[in-house]
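Following: one structure in structure tokens, then a few remarks.
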Amino acid sequence: RAKQAAKTCPVYFNNQMAEAQSVKMELETRLRKAIREKQFLCMFQPKVCLKTGRICSFEALVRWQDEHGEIHAPGSFIELATELGLLDEISRFVLEACIEAFEILDPVFGDKTLIALNIAGAQANDIDFMKTFIARIVAAGCNRRIMLEITEDVMVTTAHFKKLVKPLLKASKIKVSIDDFGTGYSSIAAMTQLEVDELKVDRSFISDIHNTPLNQKILSAIEHMAQAMELPLVAEGIETADELRYLQEQSTIQTGQGFYFSRPVLAQELIEIAQTSWCRAGKYRLAPHPDA
Ligand code: C2E
Ligand code: MG
Ligand code: MG
Ligand code: MG
């Protein structure tokens, strides 16, 4: 019968697909359990002033640490979490982790350092989610110290965001950053109207920039645009001394982030990093580092 079926209907659903489906279902079960049991951690990556080497803020990046202790990057579960409607729960976890992190970080980095937290475009447009999220930030007294990084695809369609959500954020003095800038769809007009506080130039433009004339030109164009809009830029994904030197010497970008300075680490590890010779008291030595 199976043979016959295979003859009569084209094979839309094969073994591989069945396998993929069951892998996904298993992941779904594990992810639901992870949420119930709060199997997440929050790591932090410094954003660094490229002139002085001083850490000016941190980005919170979520990790899933499963029951075997294995750590999963968000790329492997954010999409499914979104599909299952579990992302808000994860974001609330990350927010609480940020609120706790201030207590660890402030004694070393001071009480002016911001933490940037990622939210998905769909969340940024969800007024009910945003209301409770903002209320929690305000209640914790860290509204001036949290920045929201939003991936730019949200901005395109969203007169909604501009009318309803941005005013709430503005009233609460919560800053907004556009993440992965240059890879999404946002128009320059949208950027200007939304009065965002920062643009993060996507890693794809920074990678190997010292050897890549096209990216150099693109970056220069982004800089001109950002200058006209009076928007600070952050360079994402600085991995090498050469990339850093290019940005310091050939660009006006003030702030950078990337493995060259530090991978995302636990808040406690940041305290230790701040005491190494490579990064003393929260200030990186910006001359090319021998281990970099
Ligand atoms: P993102 O917000 O653009 O974060 C930057 C990603 O690039 C992070 O990956 C970070 O570890 C990585 N990265 C930083 N510096 C370098 C570098 O020098 N080289 C390279 N190759 N990579 C670098 P991660 O932690 O895997 O996060 C991936 C994405 O997942 C994030 O991209 C963000 O969009 C999303 N994400 C992370 N945490 C959350 C969260 O709490 N909520 C939501 N909605 N999304 C999150
Ligand atoms: Mg981000
Ligand atoms: Mg990014
Ligand atoms: Mg990215």
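The values are calculated or read from the model by the stated rules, or taken from the named source; none is laboratory data. Fair warning: this is a prediction, and the values are worked out from it, not measured in the lab. Please note: Cβ atoms are built from the backbone with ideal geometry, for glycine as well, and neighbour counts cover all protein chains shown. Each accessible area value is taken on the protein alone, full model and side chains, heavy atoms only, with ligands, DNA and RNA left out. Shrake-Rupley method; radii C 1.70, N 1.55, O 1.52, S 1.80 Å.
Please report the spacing between the Cα centers of the range 79-132 and the range 217-279 in Å, no decimals. What the calculation gives is 22 Å, centre to centre.
Annotation: Ser207 carries an accessible surface of approximately 50 Å², with a 1.4 Å probe and no ligand, DNA or RNA atoms counted. In this Cβ point-charge picture (+1 for Lys and Arg, -1 for Asp and Glu), the chain has a dipole of about 440 debye about its Cα centre. In loop segments of the range 208-285 as defined by DSSP, the GluC sites (Glu not before Pro) with at most 16 further C-beta atoms inside 10 Å of their C-beta are Glu230, Glu239. Can you spot the lysines whose alpha carbon is less than 20 Å from Lys217's alpha carbon? Ignore those fewer than 8 places along the same chain. Partners within reach: Lys200. Heavy-atom accessible area, probed at 1.4 angstrom with all protein chains present, ranks Lys24, Lys217, Lys170 as Lys217, Lys170, Lys24, highest first. Using the 1.4 Å probe convention, the accessible area of the chain works out to 52 Å² per residue with neighbouring protein chains retained. Number of Lys-Lys pairs in the range 1-132 with C-alpha atoms under 28 Å apart and a separation of 8 or more places or on different chains: 10. Modelled label positions at Gln65 and Leu266, each set 7 Å beyond Cα in the direction of Cβ, lie 0.5 nm from each other.
For Lys170, the shell of other residues with beta-carbons less than 11 Å away shows a net charge of +2, using +1 for Lys and Arg and -1 for Asp and Glu. Apolar share of the accessible surface for the chain: 53 percent from carbon plus sulfur atoms, 1.4 Å probe. The listed residues Arg145, Arg54, Arg263 rank as Arg263, Arg54, Arg145 when sorted by accessible area, largest first, using a 1.4 Å probe. Residues whose amide H lies under 5 Å from that of Val234, counting only those 5 or more places away or on a different chain, are Leu199, Lys200, Val201; hydrogens are built 1.01 Å from N in the peptide plane.
For the range 56-140, applying the loop criterion from DSSP together with a ceiling of 14 other beta carbons within 10 Å to the GluC sites (Glu not before Pro) yields Glu67, Glu70. Helical content alone sets the calculated 222 nm signal of the chain at -12500 deg cm²/dmol, taking -39,500 (n - 2.57) per DSSP H segment of four or more residues and averaging over every residue.
Helices of the chain meeting both criteria, an alpha-carbon length of 27 angstrom or more along the long axis and an average Kyte-Doolittle score not below 1.6, with helices taken as full DSSP H segments, do not occur.
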